[in-house]
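No lab work stands behind these numbers, since they all come straight from the coordinates. Note that the structure is a prediction, hence the values are computed from the model and not measured. We place every Cβ from the backbone using ideal geometry, glycine too, and count neighbours over all the protein chains shown.
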Amino acid sequence: MPQIKSHPCFLTPTQIKQDFPLFIFLPGMDGTGQLLRCQTAGLEQGFDIRCLAIPPDDLTSWNELTEQVINLIEAELKTNPRKSVYLCGESFGGCLAMKVAVKAPWLFDKIILVNPASSMSRRPWMYAAIPLTQWVPNSFYQLGSLIGLPVLAAMGRIAPIDRQALVQAVQIVPQKTSIWRLSLLQQFQVHPNELRRITQPVFLIGSAADRLLPSVSEVQYLVQNFPNAKMTILPDSGHACLLETDVNLYEILRENDFLPESKGQTQKVFSTAN
């Protein structure tokens, strides 16, 4: 798995498709952008895909990371300023997606949140664990990360090659970075009034078998605060649901009428920030 250095960037996992809507994926705690791999074959039917990759040593704040993502999206739109944009965030990336959408709502046509980690506030025991992890020797930290994988993902629902990709993604994040990103989740706040200003359609996906976070109750909470939102629950899925063999994000979007009207739907006029 290639390591991203220096600064966040977009990876292009499939062939660039200028005439398709832009699909921006913001990843979970691993930050690699590699774990969308089993979803790209479906998504490329209707989207021009970009995956955010965050360097393993990145320790920037929410505000700085938000600005960096906005700048990357604006750079993409310079080549096609009338292109429609779907913003999709999973777990940690779901929190980042909310920050980005609140800061620059005019950039996006639709927003997708998958098991957003904003629900961490309902896991107070995690707050106590964050300061303790800095004292754990790195070798024990790596071992603990691997032992904790069944909490993060429903491993029996993930193909062997994707399990290996998950193991690699977990191991690539240094202990210091994991502690920092957990602290960001601890600090994460988006006021309901800010969410109510997001008028674009929002689609929320929650996993009923999530053993890490109370994702179902979180998407139920969020759907009440976005003015134009709907949700679906995956009854057997774990937190890292997009790695599961039976989960097809493109089909989920199709079944919930959340796809572009056609492949050629690129007509959009962007307003400027107020």
**Prompt:** Given the pairs Lys103/Lys176; Lys17/Lys83; Lys78/Lys230, which are separated by over 20 angstrom at their Cα positions?
**Reply:** Lys103/Lys176; Lys78/Lys230
**Complete:** Farthest towards the positive end of the dipole of the stretch 1-55, among His7, Gln34, Ile49 and with Cβ unit charges of +1 on Lys and Arg and -1 on Asp and Glu, lies the Cα of His7
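Can you work out D for the stretch 9-255 in µm² s⁻¹ from Stokes-Einstein, where Rh is the Kirkwood radius over C-alpha pairs, the temperature is 37 °C and the viscosity is 0.692 mPa s? If you can, show how the numbers build up before the last one.
Working: Rh = 18.1 Å.
D, rounded to a whole number, is 181 µm²/s.
Determine the dipole magnitude for the stretch 9-255: charges of +1 sit on the beta-carbon of Lys and Arg, -1 on that of Asp and Glu, nothing else is charged, the reference point is the Cα centre, and the result goes in debye to the nearest 20. Numbers along the way, then the final one.
Values: 20 positive and 21 negative charges, 75 e Å.
Dipole of the stretch 9-255, to the nearest 20 debye: 360 debye.
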**Request:** Quickly work out the Leu149-to-Asp236 label distance, labels modelled 7 Å from Cα along the C-beta direction, and quote it in nm with one decimal.
**Result:** 2.1 nm
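Which net charge results when you count Lys and Arg as +1 and Asp and Glu as -1 among the other residues whose beta-carbon is under 11 Å from that of Gly31?
Details: positive: Arg181; negative: Asp30, Asp57, Asp58.
Here the charged neighbours net out to -2.
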